[in-house]
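Notes follow the structure.
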Amino acid sequence: MLQSMTGFGRSEFNLGDYVCSLEIRSLNGKQFELNSKIPSILKLYEIAIRNQIQQHLSRGSVDITIYLKQHGTSKPVSVNLELARYYHDAMNQIADELNLEKKDMLATLMRMPEIVSTINDTIDESLWNTLSLKIDEVCMLLNKHRLEEGSMLERHILANIRSIERMCNEVNPLETGRLERLKEKLNNSLQDLLHSNSVDKNRLEQEVIYYVERFDITEEKNRLLHHCDYFFTLLEEDSAMKGKKLGFLLQEIGREINTMGSKANDVAIQKIVVMMKDELEQAKEQLLNAL
């Protein structure tokens, strides 16, 4: 079954003295790319979080957001007095230079980066193990969402390829009339040439062979139908990542359709080619979101 690269998973749970809100969402992307928004006390585990998520979500642009809200008794904090003095001196200097009022400086200082911080700068290993299990759970929720999205993508893409296959077969009845018209046109041209005394028989034979091959679309139709059958086979494969392979196959399908259009030299067949191209573009657009 086809999987989408779009998915979402969320969980909220107690983590020691915190209430933890964990969200992971993914969008389409050529490779795996992780953007993380996590509190400073989890920075020690940032690489571990990345590796863990990559094991579950091998492709796509992934965002993880972890929010920790403390509850229960208040925790002791530390104040970086040396850094506060540095900020204070700098503020005073700016105020003197620009003739600004020096008021509410304490409130401003308390909001400056790294002035006030909790004493615990990271969580202990037991809490990390709990968080790691929750990350696995949220990734599984996201993959479930990806499967649901992928099922809808697969239905749309299958409809597009079946339409291309059906329209390719609709070309067959049109081929008889087309070939008759080509034969008549070729016969008339040959009659004119044969009445001329300056005809090179060998060259004429070569030109006739080239003319016939130039407008023959039998091979293109056969290859197009073969590509469609192979597309159906690939969709049934038990593989999570097959979006790129299917994309390459759509390129081959497009190549055969374009060649048919350039060789057809027939209004009715050209209309069918245009409709096949429309179905192909729809399939390509849907497949951009596939894993």
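Points to keep in mind about this one:
- Net charge contributed by nearby residues that have their C-beta within less than 13 Å of Ile94 (K/R +1, D/E -1): -3
- Applying 1/(1 + (r/R0)^6) with R0 = 51 Å to the Cβ-Cβ distance of Ser40 and Ser151 gives a FRET efficiency near 0.80.
- Among Leu246, Leu291, Leu235, Leu100, the order by Cβ neighbours within 10 angstrom, fewest to most, reads Leu100, Leu235, Leu246, Leu291.
- Taking other Cβ atoms within 10 Å as a rough exposure proxy, Phe8, Phe231, Phe248 sort from fewest to most as Phe248, Phe8, Phe231.
- The modelled label-to-label distance for the pair Phe232/Val79, using points 7 Å beyond Cα in the direction of Cβ, is 7.6 nm.
- From phi via Karplus (6.51, -1.76, 1.60), per-residue ³J(HN,Hα) for the stretch 135-148 in Hz, x at Gly/Pro: 4, 4, 5, 5, 4, 5, 4, 5, 5, 5, 5, 4, 5, 5
- If the segment from Asp89 to Leu174 were pulled out straight at 0.36 nm per residue, it would be longer than the present Cα-Cα gap by 21.8 nm.
- Full-extension gain in nm, Phe13 to Gln282, via 0.36 nm per residue minus C-alpha separation: 92.7 nm
- Each residue of the stretch 26-39 is assigned a 3J(HN,Hα), and the resulting list reads 9, 10, 6, x, 5, 10, 7, 9, 10, 10, 10, 10, 10, x Hz, derived from the Karplus form 6.51 cos²θ - 1.76 cosθ + 1.60 (θ = phi - 60°), x at Gly and Pro.
Read the figures in this text as sums done on the coordinates, not as results from a lab. What you are looking at is a predicted structure, and each value in this text was computed from that prediction instead of being measured. Please note: Cβ atoms are built from the backbone with ideal geometry, for glycine as well, and neighbour counts cover all protein chains shown.
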